[in-house]
Amino acid sequence: MKPAKERHGTRIANAIIIPMFAVVLIAVAITFGLLIWSAHISDQAAEKSQRQLLTGTLQLTRDQFARQQASVLVKDPIYYITTGPIYDTSWLYHNVALWLKENYGFSRTLLLDQEGKYRFVDGPNVYEKWVTRNLLNSLQPAVRAVQKRYLASLKELPSGLFYFDPDYRINEHTLSETGLVSIKGNIYLFSVAAITPELMKLVSRRTTPAILVNFKQLNGELLAEIGRVSALEGMVLDSIPALEPGGPSIDLKAPDGTTIGHIHWQAEQPGQEMQSRITPVLAVLALALVGLSVVVMAFIRQSTRHLASSRADAVRASLHDPLSGLPNRRQFKQLLVRTLDDPQVVKRGAAVLYFDLDRFKDINDTLGHAAGDWVICAIAERLRRVLPENGIVARISGDEFALLLPDCPNEAQAEQIMSRLQDMMVQPVSFGPDEIHVSVSMGAALAPRDGLEAEELLRKADIALYDAKSNGRNRWSFFEPSMQEHVRTKDEIARELRKAVDEDLLDVAYQPQCDSRSDKVVAIEALARWNRPNTGAVPPASFIPVAEETGLINDLGLWILRRACRDAHRWPGIIVSVNVSPTQFKHPRFVDKVIATLEEFDLDPERLEIEVTETVFAGRDKKTLQSLKRLKDLGIKIALDDFGSGYSSLSYLRHFPFDTLKIDQDFISAMNDSPEARAIVRTIIRLGQALGMTIVAEGIEEKQQAEYLAANGCHRLQGYFISHPLPAKDLDEFLADHEIQVEMKHQSLEVERLRSAEY
Ligand code: C2E
Ligand code: MG
Ligand code: MG
């Protein structure tokens with residue numbers, strides 16, 4: 001089956017192509033239709049003009065016939081013989097009938113005398129054989145017309161005589177009428193003419209004239225002559241109307257209107273001829289047009305498919321994260337809304353999880369963005385694998401993922417999945433030679449318990465995530481209504497923090513570090529504290545990243561430094577350690593500010609220690625190195641904090657000669673159960689010693705840990721086992737107490753030593 005986007009493309013293409021193709025076909029059909037129609041019209045017009053031509057030629061033939069007949073009638077003797085007392089039939093036969101027959105081929109002749117009696121035909125007494133009543137009846141109208149015109153031509157004089165003056169406007173030559181008749185099944189041309197006196201001749205009486213009637217057969221010869229004159233071919237005389245239905249023909253009619261025959265001919269058909277010439281050319285053009293259309297349509301089809309496919313890709317891109325291929329925030333929300341619309345899903349319960357990688361920024365900063373991208377893809381793949389079949393996972397932002405777990409009615413069920421997710425993260429992500437360890441924090445909201453709206457559930461899962469992060473990383477929290485009061489947006493935190501810096505609402509807690517041999521407090525670490533009105537203490541892990549993001553860390557860090565330098569005078573001889581974030585190093589006047597602060601509070605640089613994490617080297621910024629060197633040259637001690645927690649810790653030792661190395665507390669806490677952790681700690685201590693550094697172990701919570709570290713040569717110890725971070729005045733008390741305790745411990749040890757020496 002074709003993929004959906006291809007089907008969609010084909011549908012659009014068909015919507016354009018089918019009507020287009022139909023239009024092309026219709027255009028071709030109309031062109032051919034017009035050709036056939038115009039050929040037909042022109043054939044019809046040609047046939048009409050041929051018919052007119054033939055009719056005209058027939059008329060000409062009849063006129064010529066009349067003129068030929070007239071050539072004998074102009075002779076006076078005929079008039080006198082036909083009107084006089086002596087009726088010489090033989091003379092008439094020889095001088096008229098025979099003469100006309102021999103000269104013009106008039107095969108038959110009739111004479112009608114003044115009394116209206118047929119007297120003479122073809123020779124004496126033969127006429128009865130072909131003269132029928134029907135024939136005479138047929139001739140009657142012509143005879144009457146001629147008689148009438150003749151009588152009208154005799155103009156009366158006052159003397160009572162008449163003179164002959166025909167009106168030649170009626171007939172140019174004589175008083176005659178022509179026409180066609182059928183004699184014994186043959187068609188004849190006839191001409192009826194009055195036998196008249198000479199022009200202007202006087203006659204005594206106005207009597208009807210004798211009439212001469214001549215016939216000439218319309219035979220093949222005559223027809224051929226007519227055909228030649230009219231330039232028509234294949235002319236035939238027939239008794240049936242047409243050779244083929246609608247074929248060219250004219251009807252031949254007797255004077256009384258009856259049809260006596262038909263002439264057919266082979267019609268010239270210019271239309272057909274034009275059609276037969278143009279059709280092949282047009283067919284080639286039509287084929288070319290259809291071919292061209294097919295090519296254009298194929299192109300349109302392809303382009304449309306391409307367009308539909310790009311559109312589908314664009315839609316997909318707008319709904320997916322390009323890096324991981326997972327749905328993005330927008331689509332997750334759409335899917336969530338759709339899922340929550342299903343009452344069955346709500347009935348069975350569902351969980352929305354926010355899933356966030358801890359310290360992802362460090363991965364990007366220390367190993368580069370390629371490593372960060374790699375980790376995101378690897379985690380996305382793992383999430384896909386662990387996700388239940390009907391679940392949804394999406395990448396919401398940089399290192400944040402969201403999950404929808406249907407069929408999740410309670411916390412226990414959600415916890416099962418979350419613990420599976422956490423287990424899945426134990427396996428480090430391999431990136432080239434590096435093994436990247438990733439931990440995650442999760443926040444969960446349950447539907448319908450925490451709400452039914454997508455927006456609400458997302459917000460609550462986010463609040464729960466914030467809670468999980470605030471309480472230390474690598475854990476999860478479920479949403480609880482009380483969390484909402486503590487949760488503020490990043491902007492709100494930044495605003496309040498600025499206010500706290502400006503209005504001196506921050507504080508510093510000091511955590512002592514003891515010398516592992518003498519037990520004396522030799523250094524204290526200054527740690528920022530923010531007691532937020534209403535909500536209480538906010539852990540640095542929550543507000544320091546916000547301060548770094550907003551640039552507020554510069555002011556905040558300076559505030560802590562100033563406070564630590566000021567307070568340092570309370571504890572002479574003790575080193576004060578201050579945490580400085582990488583952003584502070586990017587500030588162009590950071591070192592100047594440190595120098596100015598030392599001068600302002602008149603503190604010996606030897607008493608200040610600055611703690612940096614390895615992320616300070618991210619981006620391999622030369623200026624940072626120069627700043628570190630300048631500080632070190634002033635006599636300030638530089639410590640590498642959280643050593644071992646990063647990704648390429650060892651390599652950073654080469655970059656800069658640190659004074660102090662602080663072993664990450666994760667190693668210390670792991671020491672109890674893990675021989676490997678103990679081995680790593682021992683190695684770090686030896687490494688530090690070899691490089692001439694002071695080694696500090698932080699996060700010591702148990703005596704056992706302190707003893708082990710001391711026994712292995714760690715120089716300084718820091719942790720709850722010694723003291724929690726304390727406000728300055730509490731530290732005063734602690735130091736006083738601690739001094740006494742150390743003194744007592746030493747005295748009892750001294751007593752112990754002396755006793756054993758006595759024995
Ligand atoms: P850090 O510099 O590694 O500080 C040590 C953290 O470990 C402190 O957490 C401290 O309270 C905690 N800690 C000390 N002993 C123990 C122990 O025995 N067990 C346990 N579980 N924790 C112990 P805190 O104060 O929450 O600070 C967290 C981080 O915030 C610091 O880690 C540091 O990176 C940052 N930070 C704190 N104050 C400042 C500051 O003024 N400037 C900067 N840039 N960062 C600061
Ligand atoms: Mg520190
Ligand atoms: Mg630390």
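If you check VAL315, VAL337 for being modelled with pLDDT of 90 or more, on the phi < 0 side of the Ramachandran plot and loosely packed, with under 13 Cβ neighbours inside 10 Å, only one passes: VAL337. The residues of region 238-252 that are closer than 24 Å to ASN137 by Cα and surrounded by 14 or more Cβ atoms within 10 Å (Cβ to Cβ), listed by number, are ILE250, LEU252. Selection of region 710-736 for residues being within 14 Å of ligand 1 (Cβ to nearest atom), touching a helix residue (DSSP H, G or I) at 6+ places or on another chain (Cβ under 7 Å) and farther than 18 Å from ALA528 by Cα yields LEU717, PHE721.
Being acidic (Asp, Glu) and either over 27 Å from GLU733 (Cβ atoms) or within 16 Å of ligand 3 (Cβ to nearest atom) (or both) is a description that applies to ASP592. In region 651-661, the residue that is farthest from ligand 2 (Cβ to nearest atom) out of those that are within 26 Å of GLU606 (Cα to Cα) and in a helix (DSSP H, G or I) is ARG654. Scanning region 661-675 for residues that are touching a strand residue (DSSP E or B) at 6+ places or on another chain (Cβ under 7 Å) and away from ligand 1 (no atom under 12 Å from the Cβ) gives a single hit, LEU661.
Scanning region 347-374 for residues that are under 19 Å from THR583 (Cβ atoms) and either touching a helix residue (DSSP H, G or I) at 6+ places or on another chain (Cβ under 8 Å) or among the charged types (D, E, K, R) (or both) yields a count of 9. Scanning region 703-738 for residues that are in contact (Cβ under 8 Å) with a residue 40 or more places away in the chain, within 18 Å of PRO572 (Cβ to Cβ) and out of contact with any strand residue (DSSP E or B) (no Cβ under 7 Å at 6 or more places or on another chain) yields a single hit, ASP732. Determine whether ALA711 is within 18 Å of ILE663 (Cα to Cα) and either modelled with pLDDT under 95 or among the aliphatic types (A, V, I, L, M) (or both). Yes, satisfied.
Within region 282-341, the only residue that satisfies the criterion of being touching a strand residue (DSSP E or B) at 6+ places or on another chain (Cβ under 9 Å) and of a type in the set (Val, Ile, Thr) is THR339.
Considering only region 551-561, state which residues are more than 16 Å from ligand 2 (Cβ to nearest atom) and either buried (at least 17 other Cβ atoms within 10 Å of the Cβ) or modelled with pLDDT of 95 or more (or both). LEU552, ASN554, LEU558, TRP559 - these are the residues of region 551-561 that are more than 16 Å from ligand 2 (Cβ to nearest atom) and either buried (at least 17 other Cβ atoms within 10 Å of the Cβ) or modelled with pLDDT of 95 or more (or both).
Counting only helices (runs of 4 or more DSSP H) that sit wholly inside region 1-95, those with at least 1 residues that are surrounded by 13 or more Cβ atoms within 10 Å (Cβ to Cβ) and within 30 Å of the chain's Cα centre (by Cα) are 4-73.
Taking the options ALA351, ALA378, ALA371, ALA286, name whichever one is outside any helix (DSSP H, G or I), of a type outside the set (Asp, Glu) and crowded, with 17+ Cβ neighbours inside 10 Å. Only one candidate passes the filter, namely ALA351.
So which residues in region 530-542 are more than 16 Å from ligand 3 (Cβ to nearest atom) and out of contact with any helix residue (DSSP H, G or I) (no Cβ under 6 Å at 6 or more places or on another chain), if there are any at all? Scanning region 530-542 gives ASN531, ARG532, PRO533, ASN534, GLY536, ALA537, VAL538. Every condition in (1) on the phi < 0 side of the Ramachandran plot; (2) surrounded by fewer than 17 Cβ atoms within 10 Å (Cβ to Cβ); (3) of a type outside the set (Ser, Thr, Tyr) is met by ILE195 except one, and the failing one is (2).
Of the residues making up region 261-277, those that are over 23 Å from VAL236 (Cα atoms) and surrounded by 16 or more Cβ atoms within 10 Å (Cβ to Cβ) number 2. Do the conditions hold for LYS629, that is, is it within 16 Å of ligand 1 (Cβ to nearest atom) and surrounded by fewer than 20 Cβ atoms within 10 Å (Cβ to Cβ)? For LYS629, the condition - within 16 Å of ligand 1 (Cβ to nearest atom) and surrounded by fewer than 20 Cβ atoms within 10 Å (Cβ to Cβ) - is not met. For region 627-643, the criterion of being in a helix (DSSP H, G or I), within 59 Å of the chain's Cα centre (by Cα) and not acidic (Asp, Glu) is satisfied by at least one residue.
Looking at region 429-473, the strands (runs of 3 or more DSSP E) lying wholly inside it that each contain 1 or more residues that are in contact (Cβ under 8 Å) with a residue 40 or more places away in the chain and in contact with a Leu (Cβ under 6 Å, 6 or more places away or on another chain) sit at 440-447. For region 491-507, the condition of being more than 16 Å from ligand 3 (Cβ to nearest atom) and under 30 Å from HIS715 (Cα atoms) holds for at least one residue. Assess whether THR615 counts as being touching a Pro at 6+ places or on another chain (Cβ under 6 Å), farther than 14 Å from VAL696 by Cα, polar (S, T, N, Q) and within 16 Å of ligand 2 (Cβ to nearest atom). Yes. Residues of region 663-689 that are among the hydrophobic types (A, V, I, L, M, F, W, C) and either within 16 Å of ligand 2 (Cβ to nearest atom) or within 17 Å of GLN718 (Cα to Cα) (or both): ILE663, PHE667, ILE668, ALA670, MET671, VAL681, ILE684, ILE685. Scanning region 657-679 for residues that are under 27 Å from LEU628 (Cα atoms) and in contact with a helix residue (DSSP H, G or I) (Cβ under 7 Å, 6 or more places away or on another chain) yields LEU661, ILE663, PHE667.
The values are calculated or read from the model by the stated rules, or taken from the named source; none is laboratory data. Everything numeric in this text was worked out from a predicted model, so none of it was measured. FYI the Cβ positions are ideal-geometry reconstructions off the backbone, even for glycines, and counts take in every protein chain you see.
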